[in-house]
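Have a look at the structure below before the remarks.
Please treat every number below as a calculation from the coordinates, not as lab data. All figures in this text were calculated on a predicted structure; none of them were measured in a lab. Neighbour counts run over all protein chains shown; Cβ positions are idealised from the backbone, glycine included.
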Amino acid sequence: MTPSRRTLISRAITTLALSALSALPALAQGSPKLKVGLMLPYTGTYAAMGNAIENGFRLHITEQGGKLAGREIEFVKVDDESDPSKATDNVNKLIKRDNVDVLIGSVHSGVAMAMAKVAKDTGTMLIVPNAGADAVTGPMCASNIFRSSFSNWQPGYAMGEVVAKKGHKKVVTITWKYAAGDESIRGFKESFEKGGGKVVKELSVPFPNVEFQALLTEIAAAKPDAVYTFFAGGGAVKFVKDYAAAGLKKTVPLYGAGFLTDGTLDAQGADAADLLTTLHYADSLGTPRDNAFRLAYAKAYKLQPDVYAVQGYDAAQMLAVGLTAVKGDISKKAEFSAALEKARIDSPRGPFTLSKSHNPVQDIYLRQVGGKKNKLVSIASKALADPGRGCKL
Ligand code: PHB
């Protein structure tokens, strides 16, 4: 063999050996990482919720030893800014550029509806960890779309019953003019009017506007028996403070979907004292499951958890249920969905199952603000299921 031929052969052997070596780590690792697209607000009035959801989600994965069904998790994060006009582009990038295996998002109903449309069209698995848009588990429902949170109808409907039972007859509502606000008010009105009350005025401001003064003046002039509201995040802080500053807290009782006082109490201070709200979580459930979750969350993040943290945690639990059923192979969509459809999720809020349209069937609690907590008063509505109107699965 000539020396140059020997050199060529030895080079070829070296190259082969090197490429075999570089393939080894991937083989040794088993399956590649599961890519999770987190599409959440990290700026704006809902920023704190994006962080709480991510914290909760990561906590469950950490508790499982960093893997779900044997697969390590890789996150691709997008700040959706709670801006529906950017949502379709954002979600398409996650699917087409980043090749995510599953989508988790979002907080804002308008953003979640855009995500649901793309998820349905592309068949990408989607778990919604907050946004309550009724349509997501209504007309837009799909076999690959699930929710770990609530429908906007649920807390509203539960509160309508509470307020009617208290004997209030004439109520003014006030909210942001977008799906979440409209649907929360609709849920409230449905049960409140069934219970003999009347919604006499429906007030709103555009999202995420917080100029409430003119509307508070209108409420004072209307002299209703009570007010029902949906606000959340930074807007909820401002609304509760403005309501008290206008002198209304002493004269017209304020009721809300629980987002009004969840994750917001530090900033609202005494202005939130004693407020009654309805939600699928409370800070003092006192169950072993919730106590363990609260302790683990506080230890990991030096923060108290809120409803958003619970929903993020449960989104990860739901992903784990589906992935375990398909042994980590998320391409087996029918089996993944079937497992979730019959699952009982062991949530810190209390166990829940999923309705036909994939929304949690859950207890809605009546809570009252006491100190820095939304304290449990009673179960306002037991195992409340969203009607899933318009869903064909
Ligand atoms: C929603 O847009 O669906 C939404 C946003 C924030 C909440 C609850 C619902 O706290």
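Could you pull out every residue, at least 5 positions away or on a different chain, whose amide H is within less than 5 Å of the one on residue 281? Hs are placed 1.01 Å off N in the peptide plane, and Pro or chain starts have none.
Close amide H contacts, sequence-distant or interchain: 365.
Are there chymotrypsin sites (Phe, Trp or Tyr not before Pro) in the range 221-255 that DSSP marks as loop and that have at most 15 other Cβ atoms within 10 Å, and which are they?
Working: sites: 228, 230, 231, 239, 243, 255; in loops: 231.
Loop-located and lightly packed - none at all.
Which part of the range 191-231 falls in the paramagnetic zone of residue 245, meaning amide N under 11 Å from the point 7 Å along Cα-to-beta-carbon?
211-213
Fewest first, what order do 301, 281 take by the number of other Cβ atoms within 10 Å? All intermediate terms of the calculation are to be shown ahead of the outcome.
Values: 301 16, 281 28.
The fewest-first ordering by Cβ neighbours comes to 301, 281.
Under the rule of at least 5 residues apart or a separate chain, name every residue whose amide H is placed under 5 Å from the amide H of residue 226.
Sorted by chain and number, the residues that satisfy this are 170, 172.
Determine, for 262, 363, the number of other Cβ atoms within 10 Å of each Cβ, and report the residues in order from fewest to most.
Values: 262 26, 363 20.
So the residues, fewest neighbours to most, are 363, 262.
Taking 41 Å as R0, compute the FRET efficiency from the Cβ-Cβ separation of residue 211 and residue 92 and round it to 0.05. Mind showing how you got there, number by number?
Details: r = 34 Å, r/R0 = 0.83.
With R0 = 41 Å, the Cβ-Cβ based efficiency is 0.75.
Report the normalised scattering of the range 36-123 as log10 I(q)/I(0) at q = 0.10, 0.15, 0.16, 0.17 Å⁻¹, calculated by the Debye formula with identical scatterers on the alpha carbons.
Log-scaled intensity ratios, in q order: -0.24, -0.54, -0.61, -0.69.
If R₀ is 30 angstrom, what is the calculated FRET efficiency for the pair residue 99 and residue 301, using the beta carbon separation as r and rounding to 0.05? Walk me through the numbers on the way to the answer.
Values: r = 29 Å, r/R0 = 0.98.
Here the calculated transfer efficiency is 0.55.
Could you line up 78, 205, 240, 107 from fewest to most neighbouring Cβ atoms inside 10 Å? Kindly include the intermediate steps, with their values, before the conclusion.
On the way: 78 23, 205 19, 240 27, 107 31.
Starting with the residue having the fewest Cβ neighbours, the order is 205, 78, 240, 107.
Need the list of aspartates and glutamates near residue 223 for cross-linking: C-alpha distance under 20 angstrom, and skip anything on the same chain fewer than eight residues off.
Within the straight-line limit of under 20 Å, residue 223 reaches these aspartates and glutamates: 193, 202, 242.
In whole Hz and in residue order, list the ³J(HN,Hα) couplings for the range 238-246 that follow from phi through the Karplus curve 6.51 cos²θ - 1.76 cosθ + 1.60, θ = phi - 60°; x for Gly and Pro.
Per residue, the Karplus-derived 3J(HN,Hα) values read 5, 5, 5, 5, 5, 4, 5, 5, 6 Hz.
Would you list the P(r) distribution for the chain, with all Cα-Cα distances sorted into 20 Å bins from 0 and each bin expressed as a whole %?
Result, from short to long distances: 28, 52, 14, 5, 2, 0 percent.
Calculate the length of the line joining the C-alpha centroid of the range 194-232 to that of the range 110-141, in whole Å.
So the separation of the two Cα centres works out to 29 Å.
How much length is gained on full extension from residue 221 to residue 341, taking 0.36 nm per residue of separation minus their Cα-Cα distance?
Values: separation 120, 0.36 × 120 = 43.20 nm, distance 4.92 nm.
Length difference between fully extended and current span is 38.3 nm.
Magnitude of the Cβ-charge dipole of the range 129-248, K/R +1 and D/E -1, about the Cα centre, nearest 20 debye? Don't skip to the end; give the middle numbers.
Details: 14 positive and 11 negative charges, 65 e Å.
Result for the range 129-248 is approximately 320 debye, rounded to the nearest 20.
Taking 20 Å as the cut-off for C-alpha to C-alpha distance, list the pairs among 302/373; 169/201; 198/238; 177/238 that go past it. Let's see the in-between values first.
Values: 302/373 16 Å; 169/201 13 Å; 198/238 27 Å; 177/238 16 Å.
Result: 198/238 exceed 20 Å.
Can you tell me which lysines have their Cα less than 21 Å from the Cα of residue 93? Leave out same-chain residues fewer than eight positions away.
Reachable lysines: 33, 35, 77, 117, 120.
Residue by residue through the range 293-309, which ³J(HN,Hα) values in whole Hz follow from phi under the Karplus form 6.51 cos²θ - 1.76 cosθ + 1.60 (θ = phi - 60°), with glycine and proline marked x?
For the range 293-309, the Karplus curve yields 4, 5, 5, 5, 5, 5, 5, 6, 10, 6, 9, 7, x, 9, 4, 5, 4 Hz.
Could you compute how fast the range 138-287 diffuses translationally, taking Rh as the Kirkwood radius over C-alpha pairs and applying Stokes-Einstein at 20 °C with viscosity 1.002 mPa s? Give it in µm² per second. It would help to have the intermediate numbers written out before the result.
Values: Rh = 15.6 Å.
Here the translational diffusion coefficient equals 137 µm²/s.
Could you pull out every residue, at least 5 positions away or on a different chain, whose amide H is within less than 5 Å of the one on residue 141? Hs are placed 1.01 Å off N in the peptide plane, and Pro or chain starts have none.
Answer set, sorted by chain and number: 392.
May I ask you to evaluate 6.51 cos²θ - 1.76 cosθ + 1.60, the Karplus curve with θ = phi - 60°, for each residue of the range 318-323 and list the ³J(HN,Hα) values in order in whole Hz, giving x for glycine and proline?
These are the phi-based 3J(HN,Hα) values: 5, 4, 4, 4, x, 5 Hz.
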